[in-house]
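*Asks:* Can you keep this structure in mind? I'll have questions shortly.
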Amino acid sequence: MKMTSPSLPRHGPETPRRMWRGIHACPFFLEQIMNRFAGIIAFFGLLAFFNPALSENLSFQRLSAFPGPTDRGKAAVQDQGWMRPRLGLIYGFNSARFIQTESGTKNRSGYSAGLFICFSINQNTAFRPELLYSQKGSKFQNFRTEYRLEYLEIPLLAVFYPIRHVQVHLGPSVNLFRKATSETAGSIESSQFRGQTLGIVAGAALEYGFLFLGWRYSADLLPVFEAGGSARNQVLQLNTGIIL
């Protein structure tokens, strides 16, 4: 199958065309930056493990993206202001496959990387928009092939803190298709795939100071293919990250 670049609008001013190119260029820069992100997380993780005092000092008095319902967190909120937003980096390992398809499918591995900013609403709730580059797709048992799909995702998550060091998040995600390749067929016609899909994200995480470790499940609400059908993206992810 022949690979073609996503089509640009043929009419209209030049500005929308430049915006479209900019959107598709974003994941490239994210991918280059996040290729080195796993090492940074490991470095700070070891640093915090062997020096708990450092982690305590960098926890921002629990005023980071994970304020938590603790007395110390409440005091920090009163002293420093709980509305101050916090920026963070996140890196995840994906196990992806198509669901609701007639052909037998198996999971394929990939990764997800990006950044987020967290806005505290109160001591137990926050709003966290994210910008992620994510690898999805699926393996097909019957055809012995594998679809490798790349997306730019924009999750809009509500974050809740039921107990200390624990967060739960839930929300919608807007997913913009970038590129598709196949292990057996090589490049795939991009027009076969839906340009934008809407999904739902749910997960939880444990946080310690400026580090966190979590998992999440995401599933698309719209079909993968432009022609329709029942195949939809599904991803189970293990992720980690830091609060800057």
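*Asks:* Exactly one of (1) surrounded by 18 or more Cβ atoms within 10 Å (Cβ to Cβ); (2) modelled with pLDDT under 80 is unmet by Lys139. Its number?
*Replies:* Going through the list (1) surrounded by 18 or more Cβ atoms within 10 Å (Cβ to Cβ); (2) modelled with pLDDT under 80, Lys139 breaks only (2).
*Asks:* Additional query: Testing Ala205 on (1) in contact with a Phe, Trp or Tyr (Cβ under 9 Å, 6 or more places away or on another chain); (2) within 18 Å of Phe98 (Cα to Cα); (3) buried (at least 20 other Cβ atoms within 10 Å of the Cβ), one condition comes back false. Which one is that?
*Replies:* Only one criterion in (1) in contact with a Phe, Trp or Tyr (Cβ under 9 Å, 6 or more places away or on another chain); (2) within 18 Å of Phe98 (Cα to Cα); (3) buried (at least 20 other Cβ atoms within 10 Å of the Cβ) is unmet by Ala205, namely (2).
*Asks:* When region 183-203 is examined, which residues are found to be over 17 Å from the mean Cα position of the chain (by Cα) and part of a strand (DSSP E or B)?
*Replies:* Gly186, Ser187, Phe193
*Asks:* In the set Val168, Val201, which member is within 19 Å of Asn122 (Cα to Cα) and touching a strand residue (DSSP E or B) at 6+ places or on another chain (Cβ under 8 Å)?
*Replies:* Val168
*Asks:* Take Phe160 and decide whether it is touching a residue at least 12 places away in the same chain (Cβ under 8 Å) and over 21 Å from the mean Cα position of the chain (by Cα).
*Replies:* Taking the combined requirement at face value, the residue does not satisfy it.
*Asks:* Examine region 164-173 for a residue that is in contact with a Leu (Cβ under 8 Å, 6 or more places away or on another chain) and of a type in the set (Gly, Ala, Ser), and state whether such a residue exists.
*Replies:* Yes; the residues of region 164-173 include at least one that is in contact with a Leu (Cβ under 8 Å, 6 or more places away or on another chain) and of a type in the set (Gly, Ala, Ser).
*Asks:* Can you tell me which residue in region 105-132 is nearest to Ala202 (Cα to Cα), limited to those that are among the basic types (Lys, Arg) and surrounded by 18 or more Cβ atoms within 10 Å (Cβ to Cβ)?
*Replies:* So the residue we want is Arg128.
*Asks:* Still on this structure: Return the residues of region 73-106 that are under 19 Å from Ala219 (Cβ atoms) and either among the hydroxyl-bearing types (Ser, Thr, Tyr) or modelled with pLDDT under 90 (or both); say none if nothing qualifies.
*Replies:* Selection gives Ser95, Ile99, Gln100, Thr101, Glu102, Ser103, Gly104, Thr105, Lys106.
*Asks:* Also, I was wondering about something else. So the check is Cβ under 7 Å with 6+ separation or different chains; which pairs have a first residue in region 118-141 that's in contact (Cβ under 8 Å) with a residue 60 or more places away in the chain and closer than 19 Å to Gly171 by Cβ and a second one that's of a type in the set (Phe, Trp, Tyr) and in a strand (DSSP E or B)?
*Replies:* Ala126/Phe119; Arg128/Phe116; Ser134/Tyr151; Lys136/Tyr151
*Asks:* Do you know which residues across region 204-240 are in a strand (DSSP E or B) and either of a type in the set (A, V, I, L, M, F, W, C) or at positive phi (or both)?
*Replies:* Step one: list which residues in region 204-240 are in a strand (DSSP E or B), which gives 204-208, 211-220, 225, 232-240.
Scanning region 204-240 gives Ala204, Ala205, Leu206, Leu211, Phe212, Leu213, Trp215, Ala219, Phe225, Val235, Leu236, Leu238.
*Asks:* For the list (1) under 24 Å from Ser109 (Cβ atoms); (2) within 18 Å of the chain's Cα centre (by Cα), I need the number of the one condition that Ala180 fails.
*Replies:* (2)
*Asks:* Within region 87-104, how many residues are of a type in the set (D, E, K, R) and surrounded by fewer than 20 Cβ atoms within 10 Å (Cβ to Cβ)?
*Replies:* Qualifying residue count, region 87-104: 1.
*Asks:* Conditions first: (1) over 13 Å from the mean Cα position of the chain (by Cα); (2) modelled with pLDDT of 95 or more; (3) exposed (fewer than 14 other Cβ atoms within 10 Å of the Cβ). Tyr217 passes all but one, so which condition is the exception?
*Replies:* Only one criterion is unmet by Tyr217, namely (1).
*Asks:* Now for a separate question. Against the definition (touching a His at 6+ places or on another chain (Cβ under 9 Å), part of a strand (DSSP E or B) and over 22 Å from Glu226 (Cα atoms)), how does Leu170 come out, yes or no?
*Replies:* No: the conditions fail for Leu170.
The values are calculated or read from the model by the stated rules, or taken from the named source; none is laboratory data. Predicted, not measured: the structure shown is a model, and the values here were computed from it. FYI the Cβ positions are ideal-geometry reconstructions off the backbone, even for glycines, and counts take in every protein chain you see.
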